[in-house]
1. Taking segment 140-169, which residues are hydrophobic (A, V, I, L, M, F, W, C) and either within 22 Å of Lys54 (Cα to Cα) or within 16 Å of the ligand (Cβ to nearest atom) (or both)?
2. Show me the helices (runs of 4 or more DSSP H) entirely contained within segment 210-301 in which 1 or more residues are within 11 Å of the ligand (Cβ to nearest atom) and surrounded by 18 or more Cβ atoms within 10 Å (Cβ to Cβ).
3. Give Tyr266, Tyr172 a once-over and let me know the one that is of a type in the set (Phe, Trp, Tyr) and under 16 Å from Asn48 (Cβ atoms).
4. Starting from residues that are part of a loop (DSSP other than H, G, I, E, B) and of a type in the set (Asp, Glu), keep the ones in segment 141-178 and report whichever is farthest from Arg37 (Cα to Cα).
5. For segment 47-84, what are the residues that are more than 13 Å from the ligand (Cβ to nearest atom) and either under 13 Å from Ala117 (Cβ atoms) or not in a helix (DSSP H, G or I) (or both)?
Amino acid sequence: MTQNTLASNLNIKLPSAEQQLPWPDAESANIKVFVKRDDAINPIISGNKWRKIKFQLINAEQNNIRHIISFGGGFSNHLHALGYCCFQLGLKFTAIVRGDYSNNLSPMLKDLSRWNADIRYVNKLVYKTRDTELRQTLAAEYPDALIVPEGGSSHYALKGVGEIIQELKQSYDYIVAPVASGGTLAGLIHGLSNTCKTQVLGIGVLKGQDYLERLVTDLLPQANTSCHWQINHDYHFGGYAKKSPELEQFCQEFKQTHNLKIEPVYSGKLFFALQDLIKNQYFPPASKILALHTGGLQGAR
Ligand SMILES: *Cc1c(COP(=O)(O)O)cnc(C)c1O
């Protein structure tokens, strides 16, 4: 299956739109903010998750692999996107879920079971070994399956996320994106490794100073020559999926002001950070900024 057949079988609409957002706080400093609308590439397969799994699916197809296994929490956008792709493509999908939701399925897990996924609940301690013992156990049990890491963040993600850079219609001084498992940021950095003009700024959505940097560095090829990237850790709001009334209110107001839906786990923290950084004059006057809207609205149900 070619890339194009795969995308059209799954009804993926690319390239995603790249649109300017009116941003009153920024205009006095002549700062322009654009949004790359990866939230809108498909109603079910959320933005950056498609970018990260695309080449995994092509790899599965090319190697005649009919079973995919992956990992995530009970609200995981990654399991949701991959589970849907597998269902549409007629592949078996095993979802390894952190924690036992069997008596209390999240909307995401309900979707997965409708899509015939084989759902396995494991406790936190077992889940922690997802890249070591648990992975080995699964590989022994299912030697013919493809095991995709949590969040879809593997070296395949670099190529898929890098396509975002190839789609851009203009160059930017900054590209800003949320960071959780690091694959998206690593892909952006990798995609920009031929230019030092653009700085990549990640917004950590969980408490992870140094840890998040390490995840990103570990995914990048050792010879990576990219110049400028960093992760800001001031906007995690206490941790992964933690939120404050202020953040929730921001998300609601943002939707009204910009006619753009955001949610508090990823994109809400991203745009909140952007607003605050602009207000605090983090970006030099006349900067052109691209915010990557990574989607994720299913998780907010
Ligand atoms: C998974 C996810 C992220 C985080 O991306 P990573 O590559 O894991 O850092 C950001 N936004 C949304 C909507 C996501 O679902």
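Where a number appears in this text, it was derived from the coordinates with a stated rule and is not lab data. Here the structure is a predicted model, which means the values were calculated and not measured. Please note: Cβ atoms are built from the backbone with ideal geometry, for glycine as well, and neighbour counts cover all protein chains shown.
1. Ala145, Leu146, Ile147, Val148, Ala157, Leu158, Val161, Ile164, Ile165, Leu168
2. Where helices (runs of 4 or more DSSP H) fall fully within segment 210-301 and carry at least 1 residues being within 11 Å of the ligand (Cβ to nearest atom) and surrounded by 18 or more Cβ atoms within 10 Å (Cβ to Cβ), they are 211-219, 267-279.
3. It is Tyr266.
4. The qualifying residue farthest from Arg37 (Cα to Cα) is Asp144.
5. Residues satisfying the conditions are Asn63, Asn64, Ile65, Arg66, His67, Ile68, Ile69, Gly74, Gly83, Tyr84.
To keep it simple, each residue is scored yes or no on (1) surrounded by fewer than 20 Cβ atoms within 10 Å (Cβ to Cβ); (2) in contact with a strand residue (DSSP E or B) (Cβ under 6 Å, 6 or more places away or on another chain); (3) acidic (Asp, Glu); (4) under 21 Å from Leu158 (Cβ atoms).
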site: Thr2; (1), (2), (3), (4): yes, no, no, yes
site: Leu14; (1), (2), (3), (4): yes, no, no, yes
site: Ser28; (1), (2), (3), (4): yes, no, no, no
site: Arg37; (1), (2), (3), (4): yes, yes, no, no
site: Pro43; (1), (2), (3), (4): yes, no, no, no
site: Ser46; (1), (2), (3), (4): no, no, no, yes
site: Leu57; (1), (2), (3), (4): no, no, no, yes
site: Asn64; (1), (2), (3), (4): yes, no, no, no
